[in-house]
Amino acid sequence: MPKTSKKDLKDLTLLGNSRKGKKAKPSKKLESFPNKNEGREFVVDLHTDEFTCLCPATGQPDFAKIRIRYVPGKKIVESKSLKLYLWSYRNEGCFHEHLTNKILDDLCEALDPVWCRVDGDFNVRGGIGISVSCQKGIPPKNF
């Protein structure tokens, strides 16, 4: 099994900052580390049920479950940077459809995955729930 080396950590600036006396704060920076299993098809599945953003019209909070699944290319997203990235939407107004696609676009730009899918399941407001799914690439055969 390929092991993580110090070289793999050199570009990670957000991971471990709390140990250095820095408080975590929202960030649009998605960091990654090398995929040491490139060429092998495997799916990374990340999810949260604590996502929040604002309605662009009313400013009221919207809550959602976000699920990200992808087949890595050369890079894998570092999970703390993803957490801070998702947190950065807490005070931003955006329609759910645009937001879900923006997350997909940002992940694809940062990682250049073989395949990526983002699902946003937004809580009911005004009697209507909204679920948005978007993807780029061809889903893996065994998925």
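If we keep just the residues of region 85-143 that are touching a His at 6+ places or on another chain (Cβ under 8 Å) and open to solvent by less than 30 Å² (accessible area, probe 1.4 Å), which is nearest to K29 (Cα to Cα)?
Narrowing region 85-143 to residues touching a His at 6+ places or on another chain (Cβ under 8 Å): 120, 122, 130, 132.
Filter once more, keeping what is open to solvent by less than 30 Å² (accessible area, probe 1.4 Å): 120, 122, 132.
Numbers: G120: 20, F122: 24, V132: 23 Å.
Ranking the candidates gives G120 first.
Of the residues N101, N123, N91, which single one is in a helix (DSSP H, G or I) and more than 28 Å from D8 (Cβ to Cβ)?
The match here is N101.
May I ask you to list the residues in region 67-94 that are among the hydrophobic types (A, V, I, L, M, F, W, C) and more than 14 Å from V44 (Cβ to Cβ)?
So in region 67-94, the residues among the hydrophobic types (A, V, I, L, M, F, W, C) come out as 68, 71, 76-77, 82, 84, 86-87, 94.
Result: L84, L86, W87, C94.
For region 46-82, enumerate the residues that are over 18 Å from S131 (Cα atoms), under 14 Å from the mean Cα position of the chain (by Cα) and surrounded by fewer than 17 Cβ atoms within 10 Å (Cβ to Cβ).
Passing the criteria: only S79.
The values are calculated or read from the model by the stated rules, or taken from the named source; none is laboratory data. Keep in mind it's a predicted model, so treat the numbers as computed, not measured. Here Cβ is always computed from backbone atoms with ideal geometry, including for glycine, and neighbour counts include all displayed protein chains. Side chains included, ligands, DNA and RNA excluded: accessible areas come from the protein's heavy atoms. Shrake-Rupley method; radii C 1.70, N 1.55, O 1.52, S 1.80 Å.
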